[in-house]
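Below is one structure, written out as structure tokens; the observations come after it.
The values are calculated or read from the model by the stated rules, or taken from the named source; none is laboratory data. Please read all numbers here as calculations on a predicted model, not as lab measurements. Quick reminder, even Gly has a Cβ in these numbers, built from the backbone with ideal geometry, and neighbours come from all protein chains shown.
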Amino acid sequence: MKQASMTVCEYRNKFTQLSHYAPGEVVNDAKKQKHFLKGLNDGLQLQLMTIEYTDFQTLVNRTILIENKRQEMEEKKRRIQSQSVGSNTRPRYTPQQEFQQRYQELASQWDFDPPQHLPQHQQEQ
């Protein structure tokens, strides 16, 4: 059985329900943890597999905590992205634009009107 799109709590409930039909697969707590872990989504498996848990419930509790933290992070990311869309952000300049802007500022100080399309080193030649 795989978690797929289920939440951890939904997966745990389904896992517990189905484990009644295969008692030999979850004959002890270690096997139960192994099969539960194996069915989790890859990201959760990776975070949980490096630690040995004292019992199945501790593994489930830890899994729920990680899932909740991931959801918080995703929500925060979405809020930040939605705030930045349409916000009044500073324009980003390329080095060429920055050069042209500095050149025009200097030229205006010297009462010199340079052509807009030529960099400074080409004008002097």
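How many of the residues making up region 7-36 are assigned to a loop (DSSP other than H, G, I, E, B), loosely packed, with under 13 Cβ neighbours inside 10 Å and either in contact (Cβ under 8 Å) with a residue 12 or more places away in the chain or not small (G, A, S) (or both)? Explain how you work it out, then say what you get.
Quick first cut of region 7-36, residues assigned to a loop (DSSP other than H, G, I, E, B) only: 7, 20-28.
Those left that are additionally loosely packed, with under 13 Cβ neighbours inside 10 Å: 20-25, 27-28.
Filter once more, keeping what is either in contact (Cβ under 8 Å) with a residue 12 or more places away in the chain or not small (G, A, S) (or both): 20-21, 23, 25, 27-28.
Result for region 7-36: 6.
Out of the residues in region 37-67 that are of a type in the set (V, I, T) and either in contact (Cβ under 8 Å) with a residue 12 or more places away in the chain or in a helix (DSSP H, G or I) (or both), which is farthest from K2 (Cα to Cα)? If we take residues in region 37-67 being of a type in the set (V, I, T) and either in contact (Cβ under 8 Å) with a residue 12 or more places away in the chain or in a helix (DSSP H, G or I) (or both), then T58 is farthest from K2 (Cα to Cα).
E75 - would you say it is at pLDDT 65 or above and within 17 Å of the chain's Cα centre (by Cα)? Yes; evaluated as a whole, the condition is true for this residue.
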